[in-house]
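Following: one structure in structure tokens, then a few remarks.
The values are calculated or read from the model by the stated rules, or taken from the named source; none is laboratory data. The structure presented is a predicted model; accordingly, all values stated were derived computationally and were not measured. For neighbour counting, all protein chains shown are included, and Cβ atoms are generated from backbone atoms with ideal geometry for every residue, glycine included. Protein only, heavy atoms only, side chains kept; ligands, DNA and RNA dropped before computing areas. Shrake-Rupley method; radii C 1.70, N 1.55, O 1.52, S 1.80 Å.
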Amino acid sequence: SMPAAWDIEEGGDPGIIVAVLDTGVAYEDYDLYQRAPDLAGTSFVPGYDFVNSDFHPNDDQGHGTHVTGTIAQTTNNSLGVAGIASKSSIKPVKVLGADGRGTYQQIADGIYYAVDTGAMVINCSLGGIFSSSTLYAAVKYAYDRGVVICAATGNDYSPLIAYPAAYDEVIAVGAVDINKARAPYSNYGTGIELMAPGGDTTVDQNNDGYADGVLQQTFSGGDPGNFAYWFLEGTSMATPHVAGVVALMLSRGARGVESIRDILHSTTEDLGDPGYDTV
């Protein structure tokens, strides 16, 4: 239903900053890194690399660029695909390395930094299986300051939600397939809050000749200049759908984590049995 949403709020407001805590973003031409062609018209604000401790949070894996595309891929540019809140500003915060891994301390540092430098939404397409007092303190810091955190439930085929998504202060996002059924990999269980399109690349249920993934531009093979459009799956792909919608809501004046949650809960499509369920 994004076209109908864009009739109300076409792409959002560059004053709304969405922090993407991930492997970085292909947002600049720097050293061996290049800005993704379909992010050429996207607004970026300064970020930070907590893996290499510098001010160039470039993507060396590809995951963070794909996630960012769903939130704010350049739109109406006669190229590629669209971003939900294409006029919002992205703050790249690199907390995961080229192997896609990071520490809770790096994620916590990224959350504090995002909040303190003006982010109003934080996308965490990442997670771990254990709780952490360090991570929770950062989550609570964001929540107490009215910053919305959207986080992935995980892709473990498990009824256990990953952290930070499992914290009450965070919007825990699971993944549905093209038929709005839970994607088989998507974690679920008590505390799951919303489902969003995450895809299932093992099938082609709409018979369009492509795997049913979420399509965005990123790079492959560890080459940050080898850009193409990739169908990827995961709760990582679902989470930025929610972050993008929240950015549009903020652009229309919505404020307050719980108020935004209430709006989301009251306007989403109720899947499965009526009312809240854990699947």
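The figures follow:
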quantity: For the chain: accessible area per residue (Å², 1.4 Å); calculated: 42
quantity: Whether the chain is rounded, prolate or oblate, judged on the alpha carbon gyration tensor where a/c under 1.5 counts as rounded; calculated: rounded
quantity: Probe 1.4 Å - accessible area at R255, Å² to nearest ten; calculated: 120
quantity: Relative contact order computed over region 103-157 (Cα-Cα under 8 Å; 6+ residues apart), in percent; calculated: 46
quantity: Region 155-279 - percent relative contact order, Cα under 8 Å, separation 6 or more; calculated: 22
quantity: Prolate/oblate/rounded label for region 10-168 (Cα gyration tensor, a/c 1.5); calculated: prolate
quantity: Solvent accessible area, Å² - S266, 1.4 Å probe, full protein context; calculated: 90
quantity: Whole-angstrom gap from region 68-131 to region 194-210, using each part's C-alpha centre; calculated: 23
quantity: Longest exposed-site-free window of the chain, the sites being chymotrypsin sites (Phe, Trp or Tyr not before Pro) in a DSSP loop that have at most 14 other C-beta atoms within 10 Å; calculated: 56-129
quantity: Rounded if a/c under 1.5, otherwise prolate or oblate - region 167-279, Cα gyration tensor axes; calculated: oblate
quantity: Computed [θ] at 222 nm, helices only, for the chain once each DSSP H run of length n ≥ 4 contributes -39500 (n - 2.57); calculated: -7500 deg cm²/dmol
quantity: Two-decimal ratio, region 218-269, of alpha-carbon radius of gyration to 2.2 N^0.38 Å; calculated: 1.59
quantity: Length-normalised contact order for the chain - Cα pairs under 8 Å, 6+ apart - percent; calculated: 20
quantity: Sulfur and carbon atoms: percent of accessible area, the chain [1.4 Å]; calculated: 52
quantity: Rounded D (µm²/s) - region 93-139, Kirkwood Rh over Cα pairs, Stokes-Einstein at 4 °C, 1.567 mPa s; calculated: 117
